[in-house]
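Just below is one structure, and these are the notes that go with it.
The values are calculated or read from the model by the stated rules, or taken from the named source; none is laboratory data. The model shown is predicted, which means the values in this text are computed figures rather than measured ones. Glycine gets a Cβ as well: all are built from the backbone with ideal geometry, and neighbour counts include every protein chain shown.
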Amino acid sequence: MRRRPVLLLCAFAASALGFSSSASADVFGPISLVDSSPLQQADYAHDPAVSADGRYVVFDGSVGGVTGVWRKENKPGGTFEEVAGGDAELPSVSQEGRYVSFTTTEGAHLAEVTNGLPDPFHETHESPNVYVRDMSKPAAAGGAFEVVSAPNGSSEPLSYEYPTGHGREGETQQEREAREKTEREEHEQEVERYGSAAAGRSAISANGRRVAFVTTAVSNLAGDGTPALQVAVRDLETKATELVSVKADPSTGLPVINQQTGQPEPIAPESEGSGRYGAVRSRGKPQPFTVPEPYVMSTGTGASISADGSTVAWMGQDIGQQARFLPGETQTGLYSEPLWRRVVNANNELSEQEPTRRVTGGSDPTNPACEASGERVLPNEPSAGDPCQGPFNTQSTENFGVLNGGEGDEIPRLSTDGYTIAFLAAAPPVSLGSDFGVEADNRHTDLFVANMHEGLTRDEAIREVTQLASGVESDEANNAPIIDFAVSPDGTQVAFSTKRTVFPLSSLAYVSTPASVPGMVELFDVDLVDNTLTRVTHGYEGGASSHPHKETNTNQENPYEKGQDGALSPSFSAEGEWLTFSSTASNLVFGDGNTPPLLDHNLDGSDVFALQRVVFPPTSTPQVISPAPPGPSISPVWEIGATSSSLSNGSVRLDVAIPAAGTLRTGVSAAVEVTASSSRATRHGAKRTTRASVQARAVAPTSQSSEPEGLSVVSVIITLSPAYRALASRAGGLSALASVSFAAPGQPTLKQTVPVTFVAKASAHSSRRAKTTARKSSREKARHR
């Protein structure tokens, strides 16, 4: 056993971001190396999955030369535990880490090979099958391993059939023996390559009692001769195995029940040219079981089951047999889309009555507006205004559907309740129009998320997570494919792996900056609530992920030639608190000790890493409402303003506005006619009119102080002197001019002249006496006449 001391140091310092409220999923803590202990480090580790409680991480790889599936406690100093030896791979783990599902060709020898020692070569050949290990029991104990890929009610693995040759006319004995020998060898290879397989990371429910798997050979899953490429779910408590991929009634979408067996019918096998296909996307034929290869991600055939065990999703093929199409719509069997199906009834029991639903695609026949339109087939040119048009332009993709080549993980991933589904698609979205003119058949994959709740059209349900940034297909910075991904149990996070460094969607804000140029495959996290994009992986010194590599010429920007060299297999714990992944980089954690020599292509030095999300506690933000700002400071104009009003008693009131504290003085002067007698005038019997000055005096204070903030009004009462007071009682009163002056220290004296009128209203007694006098005068005049 190779034992390597490893120094574990915090390698990733998260940027400190200030938040005034709770931040749910934007910043990560230090990266830690999982596949190590104080005494040793794994030779290589792939396909990690973290338990929902974050306590355990399972992976396939080699520890001390012992291959298989391993479980490691997610804490410093945690020890390795062997889950299953031999060629076991692609693990998924239950919520508390007790149950681990995996695929192996050594099912009959699991107890024998799970002993902490290198696996001896077994001469016998066995088909790959899916098993679950109960980690609460020793490997050699009864019930430690339980088969998943078994017929309904049985505890024995499925039996598989393989094609055999037939005698040929005119064949010689020697030719027949040679042909039969070749067929036997091919048959032996088929036996150990095809059978059943489960997806890594997402094949088991949270309680560990339900597992989804896919058959890759003809089997007795739903009776003898059940075609390959079927999806099924096993309930380990009841030993019930339910066929999930079932033929659908084209008008209702409900499962078609076989009248003889009373069970739903599986998807019939079909072929196109040399390709074979069925319910699950096969790329022309079922994918064989293979042991992990260096610098190559595991992309075995499989399906996902939601953590609550209610829902199954898979990348489907031959969609027309499984779900509703438009009445006149036809697609080749190779046409592929993600499919989704509830597999339980209201009592959470496995049920075969629920329909299979399309997640997305080129058409949307369940849209009520489409059903009302009567449209039978999509036009050749897609139109976003067509109620039957789905989110993707599949009219120009030569019938490959939403996926074309094999660039990454094709298995859709589900949230805990199954209603959020993440998937890859290469078909261009209709919303992108010309899409830079990229040829649809060569378009690289992007990541999407869909909401499967009822009442949404497929356009309403789909959300783009990534988008190509140019039409140059060889430009890795803008167009590199998304090759792996995961969705958090609560459906609020997605993580994905890519060499791409440019993400043009304006809806996403960068929390950390992507690398300036493409290098290794890096891992990113998107918070679908906060709309943030975080680059998760980088070296402990802050640079890009890297490992020793050959120097290339300056014309080649990326020295990492292998398309899957870097971070893969992201996996979230519950609520996204922990994120685990594998990576071939050697600079994520200081002291990584399993980096292979530069020219060694037999090992990739891949490790399993984990990092914890930094959740900022809620903080109360002071709420302060500042007072209204003061009005502008107004300096009063240095002037006075006086107005006058006549009082009924014959006096005058002056109201004077003054700008500051000071002294106010007033005075009144008037000219009046007087009749003066003289000796000369007497002699000649004439009168002379002259003008005299009338002085009035103020009976109110003649000075007044005012506040300095602004104008103040001072009132002054002016009364005629006794000598002239009677003039106010005559008709029209006495008109005069009032002079006003105001003086303040350091300021010029202000003066103003205001017309005033002294008018006294006659009293009732005076009026009666005047009237009496007038009557007497009238009587005297009459008597003289």
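Table: residues versus (1) under 20 Å from Val233 (Cα atoms); (2) assigned to a loop (DSSP other than H, G, I, E, B); (3) outside the structural domain of Asp318 (by TED's automatic domain parsing); (4) in contact with a helix residue (DSSP H, G or I) (Cβ under 6 Å, 6 or more places away or on another chain).
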position	(1), (2), (3), (4)
Pro338	yes, no, no, no
Arg357	yes, no, yes, no
Cys370	no, no, no, no
Val377	no, yes, no, no
Glu381	no, yes, no, no
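Need pairs with beta-carbon distance below 9 Å; first residue under 26 Å from Ala197 (Cβ atoms) and within region 156-184, second at pLDDT 75 or above and of a type in the set (D, E, K, R); sequence gap 6+ or separate chains.
Short answer, once both residue conditions are applied: Pro157/Glu126; Ser159/Asp224; Glu161/Asp224.
Which numbered condition in (1) hydrophobic (A, V, I, L, M, F, W, C); (2) at pLDDT 95 or above; (3) part of a loop (DSSP other than H, G, I, E, B) is the only one that Ala16 fails?
Here Ala16 clears every test but (2).
Among the numbered conditions (1) assigned to a loop (DSSP other than H, G, I, E, B); (2) surrounded by 17 or more Cβ atoms within 10 Å (Cβ to Cβ), tell me where Pro597 comes up short.
It is condition (2) that Pro597 fails.
Write out, first by first residue and then by second, each pair whose Cβ atoms fall under 6 Å of each other, whose residues are 6+ apart or on separate chains, and whose first residue, in region 706-728, is aromatic (Phe, Trp, Tyr) while the second is surrounded by fewer than 19 Cβ atoms within 10 Å (Cβ to Cβ) and at pLDDT 80 or above.
none
For region 246-318, give me every one of the strands (runs of 3 or more DSSP E) that falls completely inside it and has 2 or more residues that are under 18 Å from Arg413 (Cα atoms).
Per the criteria, 311-317.
Going by what's in this entry, would Thr261 be described as over 40 Å from the mean Cα position of the chain (by Cα) and hydroxyl-bearing (Ser, Thr, Tyr)?
yes
So is Phe590 of a type in the set (Phe, Trp, Tyr), under 30 Å from Gly64 (Cα atoms) and part of a loop (DSSP other than H, G, I, E, B) or not?
On the way: of a type in the set (Phe, Trp, Tyr): yes; under 30 Å from Gly64 (Cα atoms): yes; part of a loop (DSSP other than H, G, I, E, B): yes.
Here the answer is yes, as Phe590 does meet what is asked.
Evaluate region 207-217: report whether one residue or more is outside any strand (DSSP E or B), farther than 12 Å from Gly302 by Cα and hydrophobic (A, V, I, L, M, F, W, C).
Yes, region 207-217 contains at least one residue that is outside any strand (DSSP E or B), farther than 12 Å from Gly302 by Cα and hydrophobic (A, V, I, L, M, F, W, C).
Every residue in region 731-757 that is at pLDDT 85 or above and part of a loop (DSSP other than H, G, I, E, B), please.
Restricting attention to region 731-757, the residues satisfying the condition of being at pLDDT 85 or above are 733-757.
Gly733, Ala744, Pro745, Gly746, Gln747, Pro748, Thr749 - these are the residues of region 731-757 that are at pLDDT 85 or above and part of a loop (DSSP other than H, G, I, E, B).
Name the single residue, out of those in region 699-727 being surrounded by 15 or more Cβ atoms within 10 Å (Cβ to Cβ) and among the small types (Gly, Ala, Ser), that is modelled with the highest pLDDT.
Ser712
Could you tell me whether Arg234 is buried (at least 18 other Cβ atoms within 10 Å of the Cβ) and not in a loop (DSSP other than H, G, I, E, B)?
Judged against the criteria, Arg234 is a match.
Consider only pairs whose beta carbons are under 9 Å apart and that are at least six residues apart or on different chains; among these, list those whose first residue lies in region 544-572 and is hydroxyl-bearing (Ser, Thr, Tyr) and surrounded by fewer than 20 Cβ atoms within 10 Å (Cβ to Cβ) and whose second residue is in a loop (DSSP other than H, G, I, E, B) and modelled with pLDDT of 90 or more.
Filtered contacts from region 544-572: Ser546/Gly519; Ser546/Met520; Ser546/Gly539; Ser546/Ala585; Ser546/Ser586; Ser546/Asn587.
Which residues, counting only those in region 241-272, are within 15 Å of Asp224 (Cα to Cα), surrounded by 13 or more Cβ atoms within 10 Å (Cβ to Cβ) and of a type in the set (A, V, I, L, M, F, W, C)?
Within region 241-272, Leu243, Ile267 meet the criteria.
Please verify whether region 614-634 includes one or more residues that are within 19 Å of Ser32 (Cβ to Cβ) and not basic (Lys, Arg).
yes
Checking the condition surrounded by 19 or more Cβ atoms within 10 Å (Cβ to Cβ) and under 31 Å from the mean Cα position of the chain (by Cα), which residue from Val93, Val63 passes?
Working: Val63 fails: under 31 Å from the mean Cα position of the chain (by Cα).
Step by step, each of Val93, Val63 is checked, and only Val93 is surrounded by 19 or more Cβ atoms within 10 Å (Cβ to Cβ) and under 31 Å from the mean Cα position of the chain (by Cα).
Here is a list: Gly300, Gly408. Which entry is modelled with pLDDT under 90, closer than 30 Å to Asp60 by Cα and over 27 Å from the mean Cα position of the chain (by Cα)?
Gly300
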